[in-house]
Amino acid sequence: MHILVRCPQCDAGLPVRGDELAAAIKCGRCGREIALHVSDALRSDRTVDRCPVCEGAEFYSRKDFDPKIGLTIVIVGACVSGIFYWFGRDIIAYTILAGAVLIDLLVYGRLKDVTVCYRCHSEFRGPYPRTSPAFDLHTADVLEQEYARRTGRR
Ligand SMILES: [Zn+2]
Ligand SMILES: [Zn+2]
């Protein structure tokens, strides 16, 4: 399992592997020591039951999608179709543009889910079965505030 630990202090993403997790890691940006509490299920790739960073047990799933890639496909498609449009080949131009949007949707549909911690936004990727529900705004509001209060006290 790959874990993207989110630094509570500066929000930097620190990639670590689940089977190599130490008791603590140091943030490469701000130097803060982040204590990690790794559960057995997490270490053995079974499931994400407890967040190693904030020890929260609430997670949500979202598509593991990099918006930059999607945008690139559409921009390239738009440029190519723009050239055909210039030469008066409207039908081809629209076909290419529609194709680019379609490829975008296909890529999105095939993406795997990433599990995200509601409190500290650490991300988990791996072959384990996804059990977390979809994102819920109310839950996020409550848990993020709780985490902010907690890290502010430290
Ligand atoms: Zn940091
Ligand atoms: Zn967390």
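Structure above, values below:
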| quantity | calculated |
| --- | --- |
| Kyte-Doolittle at least 0.5, axis length at least 27 Å by Cα - qualifying DSSP helices, the chain | 67-86, 90-110 |
| Region 1-109: radius of gyration over Cα atoms, expressed as a fraction of 2.2 N^0.38 Å | 1.64 |
| Computed [θ] at 222 nm, helices only, for the chain once each DSSP H run of length n ≥ 4 contributes -39500 (n - 2.57) | -13500 deg cm²/dmol |
| Set of lysines near residue 112 by C-alpha distance (under 27 Å), chain-local residues within fewer than 8 positions excluded | 63, 68 |
| Average silhouette area of region 56-154, convex hull of alpha-carbon atoms, in square nanometres | 8.7 |
| Unpaired by the 4.7 Å Cβ criterion, cysteines found in the chain | 79 |
| Region 1-101: chymotrypsin sites (Phe, Trp or Tyr not before Pro) falling in loop per DSSP and having at most 16 other Cβ within 10 Å | 65, 87 |
| Packing rank of 111-119, 22-30, where each peptide gets the mean count of other beta carbons within 10 Å, highest leading | 111-119, 22-30 |
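Taken together, the values in this text are just the output of simple stated rules run on the coordinates, not laboratory data. Note that the structure is a prediction, hence the values are computed from the model and not measured. Glycine gets a Cβ as well: all are built from the backbone with ideal geometry, and neighbour counts include every protein chain shown.
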